[in-house]
Amino acid sequence: LSDDQAFRDEHQLPAAYQLEDPSGMMITLPVENGMDAQAYYIEPLRASSIYILVFHEWWGLNDHIKREAEQLHMAFPNAHILALDLYDGKVATTREEASTLMKANKADRSLRIIQAAADYAGEEATFGTIGWCFGGGWSLQAALALGDQVDACVMYYGMPVREAEQLNSLEAPV
């Protein structure tokens, strides 16, 4: 889709926004067989094994997505919030840049980043996943990859998996 001009033109350019006084911080996640990944992390108010994995739009992990993570923290203050960076620090400001980043995204790298987040959370963790557009598809991929550890998956207009056989490992409502 990133090669489709009509698809690209449907995306409004991101509004200039700078997150002020963030409650989270960027952390490093060790990735097996690859370079480390980054995530925007917000700690829960009390000890918890609940994690919400946040997946960015095709623009990348920008301040808008960090603000979305902060809003999730306000709604779910006792959950760990991890906004994963699937573009390894790159952020687009134009449709063409976003298209290039989305095309360059490698599924195996993104799945390893998801696994690194699961490893960071630990075996007792339970997850919710949420994402928008590009991230909506990755929210579903995370729910498939993490199986019965995922209690909920939210996809805002992401690309769904349509093959029933691929959906067999899905345990969470979508």
Name the residues in segment 124-153 that are over 22 Å from PHE7 (Cα atoms) and aliphatic (A, V, I, L, M), would you?
ALA125, ALA142, ALA143, LEU144, ALA145, LEU146, VAL150, ALA152
In segment 145-166, anything outside any loop (DSSP other than H, G, I, E, B), over 15 Å from ALA107 (Cβ atoms), out of contact with any strand residue (DSSP E or B) (no Cβ under 6 Å at 6 or more places or on another chain) and open to solvent by 50 Å² or more (accessible area, probe 1.4 Å) is listed as ASP148, ALA164, GLU165
Heads up, the strands (runs of 3 or more DSSP E) in segment 1-105 (entirely inside) with at least 2 residues that are surrounded by 15 or more Cβ atoms within 10 Å (Cβ to Cβ) and in contact (Cβ under 8 Å) with a residue 24 or more places away in the chain are 37-42, 50-55, 80-84
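From the list ALA142, ALA117, ALA172, pick out the single residue that is small (Gly, Ala, Ser), open to solvent by less than 40 Å² (accessible area, probe 1.4 Å) and in a loop (DSSP other than H, G, I, E, B).
Matching residue, one of ALA142, ALA117, ALA172: ALA172.
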For segment 52-71 the number of residues that are under 25 Å from GLU124 (Cα atoms) and over 13 Å from the mean Cα position of the chain (by Cα) is 2
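The values are calculated or read from the model by the stated rules, or taken from the named source; none is laboratory data. Everything numeric here is computed off the predicted structure, so don't read it as measured data. Cβ coordinates were reconstructed from backbone atoms using ideal geometry, including for glycine residues, and neighbour counts include every protein chain displayed. Calculation scope for accessible area: heavy atoms of the full protein, side chains included, ligands and nucleic acids excluded. Shrake-Rupley method; radii C 1.70, N 1.55, O 1.52, S 1.80 Å.
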